[in-house]
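The values are calculated or read from the model by the stated rules, or taken from the named source; none is laboratory data. Note that this is a predicted model, so its numbers are computed, not measured. A quick note on method: Cβ atoms are made from the backbone with ideal geometry, for glycine too, and the neighbour counts reach across all protein chains shown. In case anyone asks, the SASA skips ligands and DNA or RNA and just uses the protein heavy atoms, side chains included. Shrake-Rupley method; radii C 1.70, N 1.55, O 1.52, S 1.80 Å.
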Amino acid sequence: ADLPSWPRGPRVPRDAALEDRVERLKAARNAAAQRLALDPGVLCGRPTLEAIARANPRDRESLARIDEVRRWQVEAVGDALLAALSS
């Protein structure tokens, strides 16, 4: 009771479509990471997956224009990520 209370910020509405895209991207990333014998987080972290899900690119050029995505990621897992978004 003696602790100060902080006002809560506004809650961001849940976006089920975005969450679905993130989960599909995560599955594609995990499969690629296993195939390449890499840690999934090293291959493509969740913040990057979320940025991709928000942008919802349709081709490699659009994927490469996302600030969080590196060129080597486009080469290593770009096709798998794009396929996950189109399913």
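In whole Å, how far is the Cα centre of segment 2-51 from that of segment 62-87? Measuring centre to centre over Cα atoms gives 15 Å. Normalised by the number of residues in the chain, the average gap of Cα pairs under 8 Å and 6 or more apart makes the relative contact order 32 percent. Across the chain, Cα-Cα pairs farther apart than 17 Å form 49% of the total.
Per residue, the accessible area of segment 27-70 comes to 60 Å², computed with a 1.4 Å probe over protein heavy atoms only.
Helix 71-86 axis versus longest C-alpha principal axis of the chain: approximately 80°, rounded to the nearest ten. Please report, as a whole percent, how much of the solvent-accessible surface of segment 21-87 comes from carbon and sulfur atoms (probe radius 1.4 Å). Roughly 50 percent, rounded to a whole number.
Comparing VAL74, VAL12, VAL42 in a Gaussian network model of the chain (Cα springs below 10 Å), the most mobile by mean-square fluctuation is VAL12.
Here is the list for segment 48-87: trypsin sites (Lys or Arg not before Pro) lying in DSSP coil, each with at most 14 other C-beta atoms within 10 angstrom of its C-beta, are ARG58, ARG65, ARG70.
I need the trypsin sites (Lys or Arg not before Pro) found in segment 1-40, filtered to DSSP loop residues with at most 13 other beta carbons within 10 Å of theirs. Listed in order of number, the matching sites are ARG8, ARG11, ARG14.
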